[in-house]
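The values are calculated or read from the model by the stated rules, or taken from the named source; none is laboratory data. Predicted model, so just to flag it, every value in this text is computed and none were measured. Ideal geometry is used to build each Cβ from the backbone, glycine not excepted, and the neighbour counts take in all protein chains shown. Surface accessibility is based on the protein's heavy atoms, side chains included, excluding ligands, DNA and RNA. Shrake-Rupley method; radii C 1.70, N 1.55, O 1.52, S 1.80 Å.
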Amino acid sequence: MARKKKNANRESKKISREEFQNLIKDIEVSDSELAPYFTLDGMESDGFAPSVIVNESLISDNNEGARLLNSANSIARWRRNRRYRKRIKNWNGIKIVAEGDSWFQYPFVLKDVIDQLSDLDQFSYAIFGLSEAGDLLSNIIAEDELTNAIQRENPDVFLLSGGGNDMVGNERMATLVHPFKAGRKAEDYPNEKFDEFLEELGKLYKGLFARLIQQFPHLKIVCHGYDDAIPSNGPWLGKPLIKQQIKSAKLQRDIVAEMIRRFNEELENLVLEFPGAVFHVDCRGVVGSKTNWYDELHPRNKGYLEVARKFDTVIKQALSMPTISPHFESDINIVSGLGENAKPLTGLRELGDDEFAELVVARAEMILDEQVKSPKDKVERRQIEQGFEKINYQSDFLPSSFLEVGVTRAQSVCRISTIDPLGKAFASGFLIGTRGYIMTNNHVLENEDMARSSVLEFDYDQDSVEYRAVLRPDKFFITSKELDFTIVACDASSLPNSIEAVQIPTSKHLITRKERVNIVQHPQGRRKEIAIHDNTVTYVYDKAIRYSADTERGSSGAPVFNNNWQLCALHHAGWKKDTGGATNEGVRITSIVDYLRSNIDEHNDQAIQEILTGQNHAKPIESVSETQGINSAESSLTINIANQRREIVINVSD
């Protein structure tokens, strides 16, 4: 239900500076009531960057103090977000983060798109605003503010308005069209610089979309093209076109319409690359007649309302569609893997609302050890998730046992020295089950021959005591390229009893979004390191989780633990894009368990039972010497590795 507006019939009379400041601070006073106390500074305005200043004629004791209030952008944004904070206290509707130019924030003078969508008399949204009149798309992308806001607010939808100021600000319009020539058609006036502008625009949008989708796979992104603006001898369209001797009002209008068409077409084509994740609002023909335009670039309130209604339709469409796991293209730079073999899993399925709610409830019950009521909607589910910050040690406090158990888990992790097509390589692995098996990635140990020529090094960390073991693929070897895991039998008889195997949990509820993960690894083959900071789980799929913890090449095959040191995933890939952004991915242990259970047969039944239960079901593997089953070249490799060890390094990734 919409709130009743305070002082709805307030007259725009002359007031004191103090009264003016009090009005600004009162968020129950509508922006439309404040509008008369602001005015447009036509001399300073540019493109989609209107300069709104205090109307000094209505401030009775105007002085320098009043002039300091002229930052209308900041005032409007502060008021908008104060209302947002108040609204979400008891909110069970759709949450949005919005960023953009003056179509999303035209302070006080106009009721822009976000003002309209925030009006509970018309729509049902809670919108956190980052928009600022005059923002260039390049500035929006470069700022960390956007990513931080999305991570903090956890919105359902991100709205973006950008590119208009890049096109027409600072009289750029005159540089994007050919001079007048008799007989030249409107579609032939945009020149090569306009083509370059659209190409650069597409790259900026694509880079931003890719970065956000990688980091927030659940997020729906909605962008828009502008309506067919009407040149009217203004400084942004009409006069720049006249400078090119294009004087016909109809030709001016047709040229602008052609440029807007291509602008929208660029976004429409780009959206096709992100199915189910990015959506486009085509605003052409929405604003209506010339009387609905405030100036050459901005609709009046009535026009903005029509645009908001179009946004409303697309937002509802976006939320009704499942997100498709994005395809990662050739510009991915794999940062944890062996050679170029590590790739993100494909064909991942996003958990449905019911599945994810079940996971969140089950996870909360495991941590709290008490029954948790199933959420009625997404709002209640998010409240349970937010509780993880308190119940799952996500503050700066951790129990002292965290370190004790962590040391034990870390002892199970080894450096795997193997050979790939480029020569000697390193990866990570860990003991599982009964100490008789090692788990790592398929792209680390693709076949039995690679396993035979590999060496395991335990306790390769801060001290000089190290233990070596060998793999026994002749006893047991199972691998899956799809899930990127390999399990191989090993001889652990040379290892001290203090090195315990990691037990394979069978629960499907070991980790969920907003929890933290800890990764014990040998990045770049260095001595053992652990990532326990900047390690938040960003999303959970059916077969994988994604998180922000630091990894490098050599981290492949490392165990991913939750904050209770339970094994929840097998780290296998991390990537960056040339356009920015990075993420890491681990294969959910529950997927590997399902695979093992489906592959039990007469040959490997005993081994799989040992792996899953941690109990011996057969005689232990015979002890072998370090060089048994390894040819002379492989023995030489072991010696070379030992001679190339680095200095002691203890590094906690941050």
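Some notes on this structure:
- Considering the range 143-163, the residues that are surrounded by 17 or more Cβ atoms within 10 Å (Cβ to Cβ) and β-branched (Val, Ile, Thr) include one that is farthest from the chain's Cα centre (by Cα), namely 157.
- Residue check, residue 166 at pLDDT below 90, open to solvent by 10 Å² or more (accessible area, probe 1.4 Å), under 21 Å from residue 227 (Cβ atoms) and among the acidic types (Asp, Glu): yes
- Residue selected from the range 325-353 under the condition surrounded by fewer than 16 Cβ atoms within 10 Å (Cβ to Cβ) and closer than 18 Å to residue 543 by Cβ, by the criterion modelled with the highest pLDDT: 349
- Flag: residue 279 matches the condition of being among the aromatic types (Phe, Trp, Tyr) and at pLDDT 90 or above.
- Every condition in (1) assigned to a loop (DSSP other than H, G, I, E, B); (2) touching a Pro at 6+ places or on another chain (Cβ under 6 Å) holds for residue 174 except the one numbered (1).
- Residues in the range 483-501 that are touching a Leu at 6+ places or on another chain (Cβ under 7 Å) and of a type in the set (S, T, N, Q): 486 alone.
- Residues in the range 268-309 that are open to solvent by 70 Å² or more (accessible area, probe 1.4 Å), over 12 Å from residue 116 (Cβ atoms) and assigned to a loop (DSSP other than H, G, I, E, B): 272, 273, 284, 294.
- Residue check for residue 258: open to solvent by 10 Å² or more (accessible area, probe 1.4 Å) and farther than 28 Å from residue 170 by Cα: no
- Scanning the range 567-596 for residues that are open to solvent by 20 Å² or more (accessible area, probe 1.4 Å) and at pLDDT below 90 yields 576, 577, 578, 579, 580, 581, 582.
- Close pairs (8 angstrom Cβ cut-off, 6 or more residues apart or separate chains): within 15 Å of residue 266 (Cβ to Cβ) in the range 179-201, outside any helix (DSSP H, G or I) and small (Gly, Ala, Ser) anywhere: 201/163
- Verdict on residue 238 being modelled with pLDDT under 95 and either of a type outside the set (Gly, Ala, Ser) or closer than 29 Å to residue 318 by Cβ (or both): no
- Filter result (modelled with pLDDT under 85 and either farther than 30 Å from residue 466 by Cβ or in a strand (DSSP E or B) (or both)) within the range 521-546: 521, 529, 530, 531, 536, 537, 538, 539
- Qualifying residue in the range 9-20 (condition: surrounded by 15 or more Cβ atoms within 10 Å (Cβ to Cβ), within 29 Å of residue 165 (Cα to Cα) and modelled with pLDDT of 75 or more): no
- Residues of the range 214-243 that turn out to be touching a residue at least 24 places away in the same chain (Cβ under 8 Å), in a helix (DSSP H, G or I) and either open to solvent by 10 Å² or more (accessible area, probe 1.4 Å) or acidic (Asp, Glu) (or both), as a count: 3
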